[in-house]
């Protein structure tokens with residue numbers, strides 16, 4: 001077994017989100033980079049040369065029958081058909097949510113609706129709640145945008161003023177709750193709220209990064 005780290009680009013068109021794809025960002029086609037790490041079996045090349053098994057007990061030779069192997073990208077694609085719990089991290093302070101956060105909220109709702117999954121939202125900020133006068137307005141905006149996607153009920157977490165990196169907090173929650181997918185906008189990376197280099201290290205599940 002080998003540890004494989006790879007990215008998968010998915011071409012989607014938002015005008016057919018409910019019929020063809022759960023991912024929506026604009027009316028044009030976009031390539032969505034999906035970065036994640038996963039344990040997969042490395043493809044084994046079939047051979048008819050003698051194979052050695054149980055080396056400590058002796059060498060046993062036999063002919064290996066050719067067996068088709070499933071490509072790694074097929075294994076990766078299969079992971080995107082078993083969503084049961086999605087995580088939507090909020091790292092910006094806009095009380096009405098930034099464009100990238102609104103896009104991530106809409107995409108999370110669409111995915112959860114398609115696969116019958118649950119949604120957990122985590123609001124992350126380095127400041128304490130008392131230092132965020134518009135925090136309650138932001139929570140109301142989150143509820144409104146998810147309700148527009150058909151979700152009135154979801155789990156809400158607040159990780160404020162802890163001093164930890166947002167990427168580490170996201171990874172901790174994803175691990176503790178055994179989440180299936182994290183949905184984020186590239187805006188969080190461009191704004192330096194999330195370190196893209198640490199995504200594969202801290203987050204144990206696939207991460208869907210939406211382009212702006």
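Extension gain for residue 176 to residue 195 (0.36 nm times residue separation, less C-alpha to C-alpha distance): 4.8 nm. Using a ≥ b ≥ c from the Cα gyration tensor of the range 74-178 (square roots of the eigenvalues), is it rounded, prolate or oblate, where a/c under 1.5 gives rounded and otherwise the larger of a/b and b/c decides, a/b for prolate? Oblate, because a/c is 1.5 or more while a/b does not exceed b/c.
Stretched out fully, how many nm does the piece from residue 128 to residue 156 gain, at 0.36 nm a residue minus the Cα gap? Spell out each step's value before the answer.
Details: separation 28, 0.36 × 28 = 10.08 nm, distance 1.67 nm.
Extra length available between residue 128 and residue 156 comes to 8.4 nm.
The numbers here are math on the coordinates, done by the rules we state, and not lab data. None of these values were measured; they are calculated from a predicted model.
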